[in-house]
1. In segment 311-330, which residues are outside any loop (DSSP other than H, G, I, E, B) and either closer than 21 Å to residue 290 by Cβ or at pLDDT 80 or above (or both)?
2. Taking segment 264-310 as the region of interest, how many residues are over 23 Å from residue 252 (Cβ atoms) and at pLDDT below 80?
3. Give segment 241-263 a look and list any residue that's modelled with pLDDT under 85 and assigned to a helix (DSSP H, G or I), or say none.
4. With the structure loaded, tell me whether residue 167 is farther than 30 Å from residue 295 by Cβ, modelled with pLDDT of 85 or more and within 44 Å of the chain's Cα centre (by Cα) or whether it fails that test.
5. Hey, any hits in segment 220-240 for a residue that's at pLDDT 60 or above, farther than 26 Å from residue 264 by Cβ and in the same structural domain as residue 285 (by TED's automatic domain parsing)?
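The values are calculated or read from the model by the stated rules, or taken from the named source; none is laboratory data. Since the model is a prediction, treat every value here as computed from it, not as a measurement. We place every Cβ from the backbone using ideal geometry, glycine too, and count neighbours over all the protein chains shown.
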């Protein structure tokens, strides 16, 4: 499309009819005006140019060239009119398209508002009302969403009930735990008190006379090792203390124990049968200790019972035959 200014376009619009009316004056041939109307300006301009160029006897005059220029201007003006009409037609087409899309956008906004109302109906059933006109392919999706929202709402209510019940159970368990903690604290305090009472020992010097008496009886029977039971009750339970391992012999030959409460319990005869172990570093590797003097007693009381049993064993001739003083010192 030829680029014309607004002024030139206006001038061409005004010159076109004037040029048609005065074409006979410009060319000197009134018949050409009829030819112009017959074939149109584009063909007329071509014929006029051809005729003027072929007329050797009559050189092309200024008026003839002016006529050609006028016709060319007419053609240019007509082309501009065609381009302008096409442009306005395109504008109308785009305007109509924009309007259609605007209407579709309004419909979509209305559908969205309707969907919101269906999914949040303020206590009413979540169903598609008969008076709501949605796009056909949107309605099934909205129905499915409404059903799904109902399902999720029911699940949420059930979960909240379960959570409430769990919170109540947790509160009950916390109360039970608090009660158990108080009871455990009371038990620990009582146990600590009993342990303190158990560990409170009397001076062993008060029992020195009894020890001497037992030693005297043992010395009298020094030549009769099998008479060791004279210083104890045969039915009394005994624990086996290992001087070598500094621990108590376990039940059923299961190894040594550090706690007398876990040690094996034997009669005196069974304890003597178990004490067949010897070493080089202990004068008396193992001795029977009365269970009542070791279980539940404090460290001082247990050590006193071990010392007493060791002295009785030495007095009764129960010393280790493999004992080596040099090994013991080393």
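1. The answer is 311, 312, 313, 314, 315.
2. 5
3. The answer is 252, 253.
4. Working: farther than 30 Å from residue 295 by Cβ: yes; modelled with pLDDT of 85 or more: yes; within 44 Å of the chain's Cα centre (by Cα): yes.
Criteria met by residue 167.
5. Residues of segment 220-240 at pLDDT 60 or above: 220, 236-240.
So of that shortlist, the ones also farther than 26 Å from residue 264 by Cβ come out as 220.
From what is left, the residues that are in the same structural domain as residue 285 (by TED's automatic domain parsing) are 220.
Scanning segment 220-240 turns up at least one residue that is at pLDDT 60 or above, farther than 26 Å from residue 264 by Cβ and in the same structural domain as residue 285 (by TED's automatic domain parsing).
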